[in-house]
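Read the structure below first, then the notes.
The values are calculated or read from the model by the stated rules, or taken from the named source; none is laboratory data. Given the structure is predicted, the values throughout are model-derived calculations rather than measurements. Glycine also receives a Cβ, built like all others from the backbone with ideal geometry; neighbour counts cover every protein chain displayed.
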Amino acid sequence: MSQPVIESEAITKLYGTQRALDQVSVRVPPGAIGLLGPNGAGKTTFIKCLLQLQPLDGGRAALLGRDVTREGREIRKRVGYAPEQDCHIPGMLGCEYVTYCAQLNGLPYYDARQRAHEMLDFVGMGQERYRAVDTYSTGMKQRIKLAQAIVHDPEIVFLDEPTNGLDPAGREQILELVQSLWVRHGMTVVLSSHLLHDVDRICDQILIIARGRLLVHDTLQNLKSRRVGVAEVVVMSGQAALKELLETQGMRAEVLSNGHVRVEHGGADLTPLLGLFRRHQVRPLEIIPSPNALEEVFLQALSEAV
Amino acid sequence: MTLIEQPYRHWLGEHQGIWARRRVIAQTTLEAWLAAPWIKRTVFGCWTACLGMVALLFILSQFVDSKSALAEWLGQENPSTLLLIGMLEGWLKQDPELVAGVPWALLFGFYSFALFWPTLLVLTMAIPRVISRDLATRAIVIYQAKAVSKWDYLMGKAGALLGLMALTWLGPLVVAWFASNLMAPTWTFFWHTRGALGSLLVFVGFSIVFLTILALGLSSVSAKEKAVTTTWLCVWLLGWGLEGLGSVDSHNEGAGWLRHLSFRYNLSQVQRRAFDPTEKLQRLREFKSPDGTRPLSEGLMPFTRIQDLEGYEIERHVRRRLRSPREAMPHDHGDEPGEAAAAQQRREREEQALQNQVRAEVSRLRASRWNGALTGLVMMAGVSALIVWVRFRKS
């Protein structure tokens with residue numbers, strides 16, 4: 001296992017009497033990390049504590065191998081953060097804003113300006129960069145938040161709900177960008193979201209937080225393999241007959257509202273199911289192994305936590 | 001098809017130090033303020049006033065040089081003026097510190113007092129934009145997520161405030177001092193007028209540091225800009241009103257401490273202490289022209305009065321208070337010539353004693369006000385710092 005980028009040891013954060021984080025201990029290696037949890041679970045608080053935006057009430061945390069309490073400023077030079085809420089400096093143009101953010105991270109002016117334009121191109125912003133940030137649409141705000149978070153070329157970037165308020169096309173573009181940061185450029189990405197599809201799409205490690213406690217930390221692959229034996233079968237027609245066939249084989253099956261047949265086959269892989277289909281001349285259009293595995297893991301983790 | 005055409009490139013440069021980042025905060029904030037039309041106009045007005053100062057000081061310096069163009073022109077018009085200029089030139093040689101240094105100090109005392117008002121006006125427009133606006137738009141989160149701590153942020157904002165006040169107040173004064181000496185008849189004016197520069201640096205430097213702390217505190221009061229402006233105006237204008245209640249002529253003498261709730265009043269005490277205009281004017285009275293007039297002290301009287309109105313008021317009040325019981329006593333004029341002379345001597349002694357008493361009482365009152373002013377300023381700065389600390393403690 002490579003050197004962890006995030007380390008926390010029994011970190012606790014209190015808001016009055018409420019425990020927003022309760023003894024969270026974790027060691028996370030570099031990668032695309034999905035931070036999952038229901039609303040109010042403590043995801044944002046966890047990020048804020050790591051970035052020293054909120055002081056810790058207990059425990060210790062380190063980012064990139066450095067203690068966040070003692071070396072907060074030096075750490076933030078190598079860390080990017082795109083907050084969930086709209087945060088901007090009023091009256092600034094988009095390109096000025098990103099340049100300023102780069103300068104705040106220690107880039108000299110000319111480098112900052114050049115990087116700002118590169119990052120605005122990277123996130124797909126055109127001439128809008130010459131408009132005041134206050135006038136941006138939600139989609140543009142999300143893009144500029146991403147641009148300011150990566151403008152100083154951080155080693156790790158925290159993205160808090162980066163696809164909120166985006167239309168499907170915009171969401172797809174942002175996810176593609178975020179994915180490329182880790183896959184192509186080696187930048188560790190921590191994606192905090194309650195949208196499981198987004199996390200499933202780009203992350204290879206999952207942290208599930210609920211009620212201020214860390215419930216799950218594992219790779220997505222491992223998590224999916226825990227939920228073996230479920231598949232969705234896509235057929236042109238004859239869903240009811242297929243359901244009946246599967247049930248006669250002792251499997252639980254149901255026809256979903258989208259026409260897919262969900263089957264709990266119980267096997268470690270799809271070989272028995274494929275054999276059954278071959279024997280009974282069933283020609284599915286597609287078989288989706290472990291669909292919604294993340295959702296099921298998530299729900300299971302939550303139910304175990306209650 | 002994706003919109004993204006720019007590939008991501010890693011940045012391999014060197015990071016700048018923390019002071020550069022603090023300077024960026026100060027510079028960006030200041031530039032944003034200067035984009036506001038009224039702030040820009042006020043700054044322009046202050047620099048126009050600077051030109052006026054330079055012109056006036058240039059004329060004054062021409063008056064102490066009989067070979068100057070102005071002296072020659074005035075001499076052609078009125079030969080007696082040339083005599084006066086020659087006399088001033090002689091005085092300059094005899095006591096340059098007094099002839100050049102003291103008028104410069106009096107004029108700079110007046111200018112530093114005059115530019116205080118546009119500075120307050122500019123602060124009224126800038127204060128809501130210091131921290132309050134960042135709180136309202138949550139820009140503070142952006143700052144905190146960057147490689148700057150909250151103290152760096154505050155130092156940057158303080159730098160912006162200092163920069164703004166340097167543009168409206170300290171800058172025009174220092175430039176006026178430098179330019180006026182550059183145009184003076186001799187280079188020695190730089191040396192003879194160093195006292196004026198020192199006094200203005202002390203007073204204006206102290207004041208802008210105090211006003212910076214006050215502005216940071218007031219701007220942290222609320223995320224609502226209107227609430228911040230209202231609080232600032234209350235602190236400024238209400239304090240000004242309270243000065244009247246605590247004045248020497250007020251019937252309510254126990255309310256004297258109220259005047260120290262006004263930062264304007266407290267800073268005026270610092271100004272008086274730094275420039276000491278009344279004492280300086282007194283020294284200029286030594287110079288009399290052959291016709292018995294005092295050209296230097298009379299010419300500079302209005303500049304002095306306006307700087308130390310309260311000083312005159314205190315002196316008048318004390319004199320009246322001490323004189324009243326004496327005037328009520330019966331006067332013995334004496335019938336015989338010897339007795340009349342003795343009575344005259346006694347009256348002179350009494351008058352001298354009265355003068356000494358007035359001086360002692362005035363300096364006691366002045367000392368008490370100076371102490372009160374310092375206490376007031378320290379308390380205001382303390383409260384302001386406390387507000388900032390509470391606001392940023394947990395964020």
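Output the qualifying pairs, or none if there are none: Cβ atoms under 6 angstrom, residues six or more apart or on different chains, first residue in the stretch B:13-24 and more than 7 Å from chain A (Cβ to nearest Cβ), second residue buried (at least 17 other Cβ atoms within 10 Å of the Cβ) and of a type in the set (A, V, I, L, M).
Going by the 6 Å Cβ cut-off, the qualifying pairs are B:ARG22/B:MET155.
Among the residues of the stretch A:127-135, is any within 11 Å of chain B (Cβ to nearest Cβ) and crowded, with 23+ Cβ neighbours inside 10 Å? Give the steps one after another, and end with the answer.
First pass over the stretch A:127-135, keeping only residues within 11 Å of chain B (Cβ to nearest Cβ): A:133-134.
Then drop every residue that is not crowded, with 23+ Cβ neighbours inside 10 Å, which leaves A:133.
The answer is yes, given that some residue of the stretch A:127-135 is within 11 Å of chain B (Cβ to nearest Cβ) and crowded, with 23+ Cβ neighbours inside 10 Å.
Among the residues of the stretch A:287-298, are any farther than 21 Å from A:ASP200 by Cα and either in contact with a strand residue (DSSP E or B) (Cβ under 9 Å, 6 or more places away or on another chain) or acidic (Asp, Glu) (or both)? Reasoning before the result, please.
If we filter the stretch A:287-298 for residues that are farther than 21 Å from A:ASP200 by Cα, which is where we start, we get none.
No, the conditions are met nowhere in the stretch A:287-298.
Any idea which residue in the stretch A:66-82 is farthest from the other protein chains (Cβ to nearest Cβ), counting only those that are part of a strand (DSSP E or B) and free of Cβ contacts under 8 Å to residues at least 40 places away in the same chain?
Checked the stretch A:66-82; the qualifying residue farthest from the other protein chains (Cβ to nearest Cβ) is A:ASP67.
Scan the stretch B:52-73 for residues that are in contact (Cβ under 8 Å) with a residue 60 or more places away in the chain and within 20 Å of the chain's Cα centre (by Cα) and jot them down.
B:MET53, B:VAL54, B:LEU57
Within the stretch B:321-346, count every residue that is under 25 Å from B:VAL362 (Cα atoms), modelled with pLDDT under 80 and surrounded by 12 or more Cβ atoms within 10 Å (Cβ to Cβ).
So the count comes out to 4.
Could you list all residues from the stretch B:224-247 that are over 16 Å from B:ILE131 (Cβ atoms) and part of a loop (DSSP other than H, G, I, E, B)?
Within the stretch B:224-247, B:GLY246, B:SER247 meet the criteria.
So which residues in the stretch A:199-211 are buried (at least 22 other Cβ atoms within 10 Å of the Cβ) and either without any contact (Cβ under 8 Å) to a residue 40 or more places away in the chain or assigned to a loop (DSSP other than H, G, I, E, B) (or both)?
A:CYS203 - this is the single residue of the stretch A:199-211 that is buried (at least 22 other Cβ atoms within 10 Å of the Cβ) and either without any contact (Cβ under 8 Å) to a residue 40 or more places away in the chain or assigned to a loop (DSSP other than H, G, I, E, B) (or both).
Which residue is farthest from A:LEU191 (Cα to Cα), if the candidates are limited to the stretch A:25-41 and must be out of contact with any Pro (no Cβ under 9 Å at 6 or more places or on another chain) and surrounded by fewer than 23 Cβ atoms within 10 Å (Cβ to Cβ)?
The selected residue is A:SER25.
For the stretch B:184-194, check the following and say yes or no: at least one residue is more than 30 Å from B:SER61 (Cβ to Cβ) and either of a type in the set (D, E, K, R) or touching a strand residue (DSSP E or B) at 6+ places or on another chain (Cβ under 7 Å) (or both).
Checking the stretch B:184-194: not a single residue is more than 30 Å from B:SER61 (Cβ to Cβ) and either of a type in the set (D, E, K, R) or touching a strand residue (DSSP E or B) at 6+ places or on another chain (Cβ under 7 Å) (or both).
Find all pairs meeting these conditions: Cβ atoms under 9 angstrom apart; at least six residues apart or on different chains; first residue within the stretch B:146-160 and within 12 Å of chain A (Cβ to nearest Cβ) and over 19 Å from A:VAL98 (Cβ atoms); second residue part of a loop (DSSP other than H, G, I, E, B) and not basic (Lys, Arg).
The qualifying pairs are B:SER149/A:GLN52; B:LYS150/B:SER395.
Quickly run through the stretch A:159-184 and pick out the residues that are touching a strand residue (DSSP E or B) at 6+ places or on another chain (Cβ under 6 Å) and acidic (Asp, Glu).
Selection gives A:ASP160, A:GLU161.
How many residues does the stretch A:266-276 hold that are over 20 Å from A:ASN222 (Cβ atoms) and either surrounded by fewer than 16 Cβ atoms within 10 Å (Cβ to Cβ) or within 36 Å of the chain's Cα centre (by Cα) (or both)? Talk me through it step by step, then tell me what you get.
If we filter the stretch A:266-276 for residues that are over 20 Å from A:ASN222 (Cβ atoms), which is where we start, we get A:271-276.
In the following step, the residues that additionally are either surrounded by fewer than 16 Cβ atoms within 10 Å (Cβ to Cβ) or within 36 Å of the chain's Cα centre (by Cα) (or both) were identified as A:271-275.
Summing the residues that are over 20 Å from A:ASN222 (Cβ atoms) and either surrounded by fewer than 16 Cβ atoms within 10 Å (Cβ to Cβ) or within 36 Å of the chain's Cα centre (by Cα) (or both) in the stretch A:266-276 gives 5.
Could we say that A:ALA147 is at the interface with another protein chain (Cβ under 10 Å from one of its Cβ atoms), more than 15 Å from the chain's Cα centre (by Cα) and either under 18 Å from A:HIS88 (Cα atoms) or assigned to a helix (DSSP H, G or I) (or both) here?
no
Mind checking whether some residue in the stretch B:92-107 is within 24 Å of B:VAL43 (Cβ to Cβ) and either more than 12 Å from every other protein chain (Cβ to nearest Cβ) or assigned to a helix (DSSP H, G or I) (or both)?
The answer is yes, given that some residue of the stretch B:92-107 is within 24 Å of B:VAL43 (Cβ to Cβ) and either more than 12 Å from every other protein chain (Cβ to nearest Cβ) or assigned to a helix (DSSP H, G or I) (or both).
From the set of residues in the stretch B:206-237 that are loosely packed, with under 15 Cβ neighbours inside 10 Å and under 20 Å from the mean Cα position of the chain (by Cα), which is modelled with the highest pLDDT?
B:LEU233
Does the stretch A:33-65 hold any residues that are closer than 23 Å to A:PRO162 by Cβ and within 12 Å of another protein chain (Cβ to nearest Cβ), and which are they?
A:THR44, A:ILE47, A:LYS48, A:LEU50, A:LEU51, A:GLN52, A:LEU53, A:GLN54
I'm trying to understand the selection: among the residues of the stretch B:30-42, which are surrounded by fewer than 13 Cβ atoms within 10 Å (Cβ to Cβ) and over 23 Å from the mean Cα position of the chain (by Cα)?
Within the stretch B:30-42, B:GLU31, B:ALA35, B:PRO37 qualify.
Kindly establish whether B:SER61 is more than 14 Å from chain A (Cβ to nearest Cβ), farther than 15 Å from B:PRO172 by Cα, of a type in the set (S, T, N, Q) and not in a helix (DSSP H, G or I).
no
Yes/no per residue for (1) modelled with pLDDT of 75 or more; (2) more than 30 Å from B:ASP276 (Cβ to Cβ); (3) within 14 Å of chain A (Cβ to nearest Cβ); (4) surrounded by fewer than 14 Cβ atoms within 10 Å (Cβ to Cβ):
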{"position": "B:LEU3", "(1), (2), (3), (4)": "no, yes, yes, no"}
{"position": "B:THR28", "(1), (2), (3), (4)": "yes, yes, yes, no"}
{"position": "B:PHE44", "(1), (2), (3), (4)": "yes, yes, no, yes"}
{"position": "B:TRP47", "(1), (2), (3), (4)": "yes, no, no, no"}
{"position": "B:ASP65", "(1), (2), (3), (4)": "yes, no, no, no"}
{"position": "B:GLU77", "(1), (2), (3), (4)": "no, yes, no, yes"}
{"position": "B:GLY109", "(1), (2), (3), (4)": "yes, no, no, no"}
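Just checking, how many residues over the stretch A:131-179 are small (Gly, Ala, Ser) and either modelled with pLDDT under 90 or over 23 Å from A:ASP111 (Cα atoms) (or both)?
Number of matching residues: 5.
Quickly run through the stretch A:164-190 and pick out the residues that are free of Cβ contacts under 8 Å to residues at least 24 places away in the same chain and either within 12 Å of chain B (Cβ to nearest Cβ) or small (Gly, Ala, Ser) (or both).
Hits for the stretch A:164-190 are A:ALA169, A:GLU172, A:GLU176, A:SER180, A:ARG184, A:HIS185.
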